[in-house]
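S.K.: Following this message is one structure expressed as structure tokens.
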Amino acid sequence: MTFWFGPAGRTGHMLLMPLAVLVFVAPLAACDQAAEAPAHAGSPPPAVTVLTLRPTEVTPGFSFNGRVVAVDEVQLRARVTGFLEQRLFEEGADVDTGDLLFVIEKAPYRAVVEQRRAELASAEANRANTAVQLQRGEELVKNRNIPQAEVDQRRAADEMAAAQILQAQAALKQAQLDLGYTEIRAPIAGRISRADFSSGNLVGPTNGVLATIVSQDPIYVTFPVSQRQLLAHRGERGEPVVRVTLPDGTLYEHPGKLNFLDVQVDPGTDTLTVRAELPNPDRILIDGQFVGVRVERGEPERVLAVPQAAIQVDQAGAYALVVGNNDRVEERRIRLGIQEGIQVVVEDGLNEGDRVIVEGIQKVRPGMAVAVSEGPPVRPVGQTALQR
């Protein structure tokens with residue numbers, strides 16, 4: 001009997017062990033779920049930042065990328081050779097027309113001027129002598145005291161002496177010009193660059209640019225315009241207004257006007273270069289700077305605009321997340337207009353007063369309750385250009 005009951009006992013013992021483990025583990029799992037449920041139910045709703053939509057006015061037009069160009073730019077060069085004695089300006093400062101900027105060694109050129117004056121005096125003295133000789137010859141030939149040929153020779157000598165005076169006068173004038181070129185003055189008013197040569201250097205016509213002056217106020221902005229855009233606005237009434245956006249995204253306070261349209265189309269881009277003139281009293285616009293350009297024409301229109309960060313896109317199109325009156329997230333399908341800077345015009349799908357989520361979008365989904373805080377207002381798109 002011992003042999004028969006032995007296997008049955010072992011088998012029964014092996015079956016009881018898993019059952020005991022299950023009975024022990026099940027209460028522990030139930031305890032863990034009970035502990036997690038209160039913690040999840042008591043967690044605060046995710047925080048989001050919203051922007052309450054308000055209409056803003058924009059003016060129809062076109063937007064471009066442009067470059068600032070000085071109205072006048074002058075490269076200062078030495079017109080005579082000599083050692084640079086003085087630099088009389090502060091680099092980067094404003095200069096006025098006629099300001100003395102550089103002085104080249106004068107002594108050699110003063111000496112040449114004196115020499116040319118002496119040559120002119122000698123020529124004038126020679127002319128006085130030939131004139132007297134000619135007058136005497138003309139008197140003597142009347143009584144046939146000298147031959148006519150002698151008179152003719154004296155007349156030729158007098159004319160040569162007169163020519164030598166003209167030659168000496170021209171040489172003196174050139175010497176005086178060269179002396180004047182030792183002083184380099186500002187031909188225009190503007191801001192001067194750094195000096196490429198310091199005092200003591202030998203400079204001359206072949207040594208390159210000494211410094212550059214660019215005018216500051218007013219200033220030009222040039223930008224390319226396509227043929228399609230030109231044709232779209234051909235014949236429209238009213239003078240277009242040009243506005244500039246600075247590299248940091250701020251709107252330049254002084255509007256400008258168009259003053260030049262190129263006469264040839266760039267065959268590579270099929271565009272024409274257009275130029276606008278703007279006041280620049282505070283020297284904010286700098287020659288060579290890249291800026292945004294907006295050409296506005298027409299009456300302002302009221303639109304709703306949202307930051308680009310608030311726009312989501314999936315296979316069905318663009319949408320935005322809005323916080324409803326019960327502080328729960330709603331999904332709104334929207335139709336977008338043009339993009340201007342950091343904002344996008346919304347043509348349909350949103351209404352004035354809607355609270356659009358601009359921060360915390362990744363943490364929420366439609367139907368969730370959220371903790372709402374109002375974000376700072378974004379820069380309005382007023383006075384920007386709508387592309388048609």
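The values are calculated or read from the model by the stated rules, or taken from the named source; none is laboratory data. Bear in mind that the values here come from a model prediction, so they are computed numbers and not experimental data. We place every Cβ from the backbone using ideal geometry, glycine too, and count neighbours over all the protein chains shown.
S.K.: Among the residues of the range 112-170 satisfying the criterion of being among the acidic types (Asp, Glu) and more than 30 Å from residue 181 (Cβ to Cβ), which is nearest to the chain's Cα centre (by Cα)?
M.R.: Taking the candidates together, the pick is 159.
S.K.: Only one of these is under 27 Å from residue 91 (Cα atoms), hydrophobic (A, V, I, L, M, F, W, C) and under 19 Å from the mean Cα position of the chain (by Cα): 221, 295, 225. Name it.
M.R.: Unique residue meeting the criteria: 221.
S.K.: Next question, about the same structure. Find the residue count for the range 331-366, including only residues that are surrounded by 16 or more Cβ atoms within 10 Å (Cβ to Cβ) and at negative phi.
M.R.: Here is the first cut: in the range 331-366, the residues surrounded by 16 or more Cβ atoms within 10 Å (Cβ to Cβ) are 332, 334, 336-338, 340-341, 343-346, 349-350, 354-361, 364.
Now restrict to residues that are at negative phi: 332, 334, 336-338, 340, 343-346, 350, 354-359, 361, 364.
Final tally of qualifying residues: 19.
S.K.: Now for a separate question. Exactly one condition in (1) in contact with a Ser or Thr (Cβ under 9 Å, 6 or more places away or on another chain); (2) among the hydroxyl-bearing types (Ser, Thr, Tyr); (3) touching a residue at least 60 places away in the same chain (Cβ under 8 Å) is not met by residue 198; state its number.
M.R.: Only one criterion in (1) in contact with a Ser or Thr (Cβ under 9 Å, 6 or more places away or on another chain); (2) among the hydroxyl-bearing types (Ser, Thr, Tyr); (3) touching a residue at least 60 places away in the same chain (Cβ under 8 Å) is unmet by residue 198, namely (1).
S.K.: More than 28 Å from residue 278 (Cβ to Cβ), touching a residue at least 12 places away in the same chain (Cβ under 8 Å), of a type in the set (Gly, Ala, Ser) and surrounded by fewer than 18 Cβ atoms within 10 Å (Cβ to Cβ), is that true of residue 204?
M.R.: yes
S.K.: Filter the range 284-310 for residues that are modelled with pLDDT of 90 or more and in a loop (DSSP other than H, G, I, E, B); which is surrounded by the fewest Cβ atoms within 10 Å (Cβ to Cβ)?
M.R.: 288
S.K.: May I pose another question? So which residues in the range 50-76 are surrounded by fewer than 16 Cβ atoms within 10 Å (Cβ to Cβ) and either among the hydroxyl-bearing types (Ser, Thr, Tyr) or not in a strand (DSSP E or B) (or both), if there are any at all?
M.R.: 52, 54, 55, 72
S.K.: Counting only residues that are in a strand (DSSP E or B) and either of a type in the set (D, E, K, R) or under 20 Å from residue 216 (Cβ atoms) (or both), how many does the range 101-122 have?
M.R.: 1
S.K.: Got at least one residue in the range 352-375 being modelled with pLDDT under 85, over 15 Å from residue 49 (Cβ atoms) and not aromatic (Phe, Trp, Tyr)?
M.R.: no
S.K.: Does residue 274 satisfy being modelled with pLDDT under 90, out of contact with any Lys or Arg (no Cβ under 9 Å at 6 or more places or on another chain) and assigned to a strand (DSSP E or B)?
M.R.: No, not satisfied.
S.K.: Got a number for residues in the range 186-218 being outside any strand (DSSP E or B), more than 21 Å from the chain's Cα centre (by Cα) and under 20 Å from residue 86 (Cβ atoms)?
M.R.: The qualifying residues number 13.
S.K.: Of all residues being under 24 Å from the mean Cα position of the chain (by Cα) and part of a strand (DSSP E or B) in the range 77-97, which is surrounded by the fewest Cβ atoms within 10 Å (Cβ to Cβ)? Just the residue, please.
M.R.: Per the criteria, the residue is 94.
S.K.: Please indicate, with yes or no, whether at least one residue in the range 168-180 is more than 25 Å from residue 117 (Cβ to Cβ), hydrophobic (A, V, I, L, M, F, W, C), crowded, with 16+ Cβ neighbours inside 10 Å and not assigned by TED's automatic domain parsing to the domain that holds residue 83.
M.R.: So in the range 168-180, the residues more than 25 Å from residue 117 (Cβ to Cβ) come out as none.
No.
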